[in-house]
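So the structure is just underneath, and the comments pick up after that.
The values are calculated or read from the model by the stated rules, or taken from the named source; none is laboratory data. These figures come from a predicted structure and were not determined experimentally. For neighbour counting, all protein chains shown are included, and Cβ atoms are generated from backbone atoms with ideal geometry for every residue, glycine included.
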């Protein structure tokens, strides 16, 4: 009888311990539930704050685009008119008027270029600049961009050459068609060519377009293309912009794709610019499903390679 009583007492103690453990587990579960609800509420608040910040940013960009671009366009236009008027007047050789007009025009264009770079980068990062994939003749786009920027190269007395259809793959074609967005391709070309011309004082700049075969696409992308029924030829439309300019240390090159970064920084830097162009270029290339690489050496020029 005593042993049975002791056994019952032990069972009672074990039951009480089990009850206490269950109660502790219940309290911990309730606490975890409350923490999860609080985290969910905090995440929702953060999402709403991010959406509001994005909305305010979009409104700011829209206002910037209108309130700054409009007067800048007028300033540049009137500076061009002043320059033409001054050229038609019989002014003394020492007259500063033509120089003043040229300085106003050049400064206005620099401001407009900076504004466009900031707006493009912000729109790309916010997903407000849609990239529509379609057939784009890369060779023709390169010809257009080179023609537009050739006067800048001629002013610096450097060459601007265009090579289409050749390249390492030795697959000569009259047209190099990329699956990309035409506006995005022009953004890439304009930024790369402008940079190459800016940093080249002797020699010249060469723009190449060619087709490159090779298994360079990742497996996940291949699987998606096969599921979508897209043909897979493992080929790329390649754009190269090579210059004989100042170049840079290779370890510095990757930093250039970050916004507002340049190889030479600080108020004493030799070359003008905000360091936005390559960040915009990389973002545009990424949104078109491509890649960009840089090969460079200090004092030996730079080659930017874009694959689409």
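Before moving on, here are some points about what is shown:
- Residue check for residue 86: part of a helix (DSSP H, G or I) and either under 24 Å from residue 288 (Cβ atoms) or modelled with pLDDT of 90 or more (or both): no
- Whether a residue is at pLDDT 85 or above, assigned to a helix (DSSP H, G or I), farther than 20 Å from residue 284 by Cα and assigned by TED's automatic domain parsing to the domain that holds residue 78 was assessed, and residue 108 passes this test.
- Flag if residue 195 is surrounded by 19 or more Cβ atoms within 10 Å (Cβ to Cβ), modelled with pLDDT of 85 or more, under 20 Å from the mean Cα position of the chain (by Cα) and closer than 30 Å to residue 78 by Cβ: yes
- Filter pass, residue 253 being at pLDDT 70 or above, buried (at least 20 other Cβ atoms within 10 Å of the Cβ) and farther than 15 Å from residue 193 by Cβ: no
- Qualifying residue in segment 135-150 (condition: assigned to a loop (DSSP other than H, G, I, E, B) and either surrounded by 17 or more Cβ atoms within 10 Å (Cβ to Cβ) or at pLDDT 80 or above (or both)): no
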